[in-house]
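Accompanying notes for the structure given below.
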Amino acid sequence: MTEEAPTIAERKMQFLFALRSRGVTEKRVLEAMEKVDRGHFVRGIFAERAYEDMPLPIACGQTISQPSVVGLMTQALEVQPRDKVMEIGTGSGYQAAVLSHLARRVYTVDRHTRLAREAKTVLDGLGLVNVTTFAADGTLGLPDQAPFDRILVTAAAEDPPGPLLAQLKPGGIMVLPVGQSDTVQSLIRVLKHADSRLEYEELRPVRFVPLLEGMGKDS
Ligand code: SAH
């Protein structure tokens, strides 16, 4: 006897259960993640694994992050409904879609023009009109749109890039993985106090593709 494939409702329940069991407990974050169908952001042979809690390959040799990591990073960012958020590392656009349900505006940047363009198509198709995509080197941030209440970096830098720290509002929060690629990296939360003093907090080990300078070669 062959096992029946899970229904959409069952897959959704399993997806949310996996998030909760890995520490994504905040109601607003879980609600936002419930609204965003990860299946829209994964292509080809990997599409059927979209609801599993694992990173998956996307174009240009990049990856869509593991859903529980997206949830934990989003939770750590403490996004408020009036916030203007910048994400560095659009990739598939999935994380930006989750943020779009929590923030007033989301600016997302990728160094691969192809990824930025494809993510824009998916995000526009979903009617997420408060997200703007940019093809640019995110290590420089977006000086014309700065300052930001929240900054999320989804690629690993050796150190928090100076321009990003400068573009964070006093009272703002930045979450990013730091460390060499191919080794264990740490997820860090940076709080910028009202007097612009920076406070760093180490959250957990993670593994991300590297944050690279300059524009990418599309593939
Ligand atoms: N947040 C994505 C996954 C990110 S993968 C999602 O939800 O799918 C990391 C992304 O960071 C890759 O797409 C890579 O191209 C991008 N990246 C790496 N260095 C960058 C830089 N300097 N500026 C902008 N994007 C960068």
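Go through the stretch 186-199 and report how many residues are closer than 28 Å to residue 22 by Cα and surrounded by 12 or more Cβ atoms within 10 Å (Cβ to Cβ).
Residues that pass the stated criteria total 7.
The conditions are (1) on the phi < 0 side of the Ramachandran plot; (2) modelled with pLDDT of 95 or more; (3) more than 18 Å from the chain's Cα centre (by Cα), and residue 184 fails exactly one of them. Which is it?
Condition (2) is where residue 184 drops out.
Within the stretch 90-124, restricting attention to residues that are of a type in the set (Asp, Glu) and more than 8 Å from the ligand (Cβ to nearest atom), which residue is nearest to residue 63 (Cα to Cα)?
Result: 118.
Out of the residues in the stretch 44-67 that are touching a Leu at 6+ places or on another chain (Cβ under 7 Å) and of a type in the set (S, T, N, Q), state the one that is surrounded by the fewest Cβ atoms within 10 Å (Cβ to Cβ).
Filtering first and then ranking leaves 63.
Checking the structure you have, find out if any residue of the stretch 67-88 is near the ligand (Cβ under 9 Å from one of its atoms), assigned to a loop (DSSP other than H, G, I, E, B) and either touching a strand residue (DSSP E or B) at 6+ places or on another chain (Cβ under 8 Å) or small (Gly, Ala, Ser) (or both).
No, the stretch 67-88 contains no residue that is near the ligand (Cβ under 9 Å from one of its atoms), assigned to a loop (DSSP other than H, G, I, E, B) and either touching a strand residue (DSSP E or B) at 6+ places or on another chain (Cβ under 8 Å) or small (Gly, Ala, Ser) (or both).
Given the structure, is residue 24 touching a Gly at 6+ places or on another chain (Cβ under 9 Å), modelled with pLDDT of 95 or more and assigned to a loop (DSSP other than H, G, I, E, B)?
yes
Residues to consider are 170, 143, 161, 205; find the one that is farther than 24 Å from residue 102 by Cα and surrounded by fewer than 20 Cβ atoms within 10 Å (Cβ to Cβ).
205
Between a residue in the stretch 92-117 that is within 13 Å of residue 37 (Cα to Cα) and any residue that is of a type in the set (Asp, Glu) and crowded, with 24+ Cβ neighbours inside 10 Å, which pairs come within a Cβ distance under 7 Å, given they are 6 or more apart or on different chains?
Every condition considered, the pairs that remain are 95/87; 96/87.
The values are calculated or read from the model by the stated rules, or taken from the named source; none is laboratory data. No experiment lies behind these values; they were computed from the predicted model shown. Cβ atoms come from the backbone with ideal geometry, glycine included; neighbour counts cover every protein chain shown.
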